[in-house]
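Data first, discussion second: the structure below is written as structure tokens.
The values are calculated or read from the model by the stated rules, or taken from the named source; none is laboratory data. Remember, predicted model here, so these are calculated numbers, not experimental data. Glycine also receives a Cβ, built like all others from the backbone with ideal geometry; neighbour counts cover every protein chain displayed.
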Amino acid sequence: MPPILEEFLASNLGYLLLAVLFVILVLRAVRIVPQSEKHVVERFGRLHAVLGPGINMIVPFLDVVRHKISVLERQLPTMSQDAITSDNVLVQVDTSVFYRITEPEKTVYRIRDVDAAIATTVAGIVRAEIGKMELDEVQSNRSQLTAAIKAAVEDAVDAWGIEVTRSEILDVNLDAATREAMLQQLNAERARRAAVTEAEGRKRAVELAADGDLYAAEQAAKARRVTAEAEAYATEVVAKAITENGLDAVQYNVALKQVEALNALGAGQGSQTVVLPAQALDAFGNAFAMFKPKGGA
């Protein structure tokens, strides 16, 4: 080593050591946390702070970043568990749960295996919720069941600093005997509905036929009423004429009709002999007598 360099190091060794120490302290004091993580800091073995995303400062040699926790949403593997409904039907339920860690200080100090703990909790809650419902309700109210399971899981894992973002029931499987029984019930229900529909059709046809007959009878009654009213009106007119003009006017009208009938009979084609009764000759006389003045000879 050249003498000049040795002299420089000897005279500035303290400054160099201080510079190296400063760099080490800065490197150990500054902590850059990614957006997707939170860091749990301990001091003398106890929880001291939780570092959020960005640049953070800690005390070198005193503070230690003990846990680096991802806050990204996680999905548990699909879980299958058996459950018994309130009507004693054994079902196998496939569920899936999504969650994320919101308070790492609770998660790292209160629970060891987060995934296993959540899976066990979900299994117990699923069995309890399905045990309150009948099989038909499980099949038809799956969204309601999912909401109930999610709410129950959230309450159970809240002490662990975990937020359940979504809970899904993927499938509800039945054993072969139960499926066969449900298929027979479904076929029976379809047959019942078909029979009811056919009976309602026949009933409707009978009602329509009866309505048609009733309508025809009402129209016939209306026609008879109109005819009767016309006849009554004609009778009233004749009676009024008799009252106003006397019986002679009526006899004249009848005789005139008889004369018109005889004229029509005589105007027929071909040679024919018309035999008139004595009453017909009287009709002629009565018809012309009506034209005579009442005071004449």
- Residues of the range 158-176 classified as at pLDDT below 85, assigned to a helix (DSSP H, G or I) and surrounded by 10 or more Cβ atoms within 10 Å (Cβ to Cβ), total: 0
- Message: Return the residues of the range 64-74 that are under 44 Å from the mean Cα position of the chain (by Cα) and free of Cβ contacts under 8 Å to residues at least 24 places away in the same chain; say none if nothing qualifies.
- Response: none
- Query: Ala49: farther than 25 Å from Glu163 by Cβ, in contact with an Asp or Glu (Cβ under 9 Å, 6 or more places away or on another chain) and not assigned by TED's automatic domain parsing to the domain that holds Thr102, yes or no?
  - Reply: no
- Item | Residue in the range 48-92 that is nearest to Val26 (Cα to Cα), counting only those that are of a type in the set (Ser, Thr, Tyr) and touching a strand residue (DSSP E or B) at 6+ places or on another chain (Cβ under 9 Å) | Ser70
- Some residue of the range 71-91 being in contact with a Leu (Cβ under 9 Å, 6 or more places away or on another chain), at pLDDT 90 or above, in a strand (DSSP E or B) and not small (Gly, Ala, Ser): no
- Task: Would you point out the residue of the range 25-40, among those that are of a type in the set (D, E, K, R) and not in a helix (DSSP H, G or I), that is modelled with the lowest pLDDT?
- Result: Arg31
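For every residue, the table says whether it meets (1) at pLDDT 90 or above; (2) exposed (fewer than 12 other Cβ atoms within 10 Å of the Cβ); (3) under 21 Å from Ile101 (Cα atoms).
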position	(1), (2), (3)
Phe8	no, no, no
Leu16	no, yes, no
Val23	no, yes, no
Glu42	yes, no, yes
Gly54	yes, yes, yes
Lys68	yes, no, yes
- Message: When you scan the range 130-147, do you find a residue that is closer than 30 Å to Leu72 by Cα, basic (Lys, Arg), part of a strand (DSSP E or B) and at pLDDT 80 or above, even just one?
- Response: no
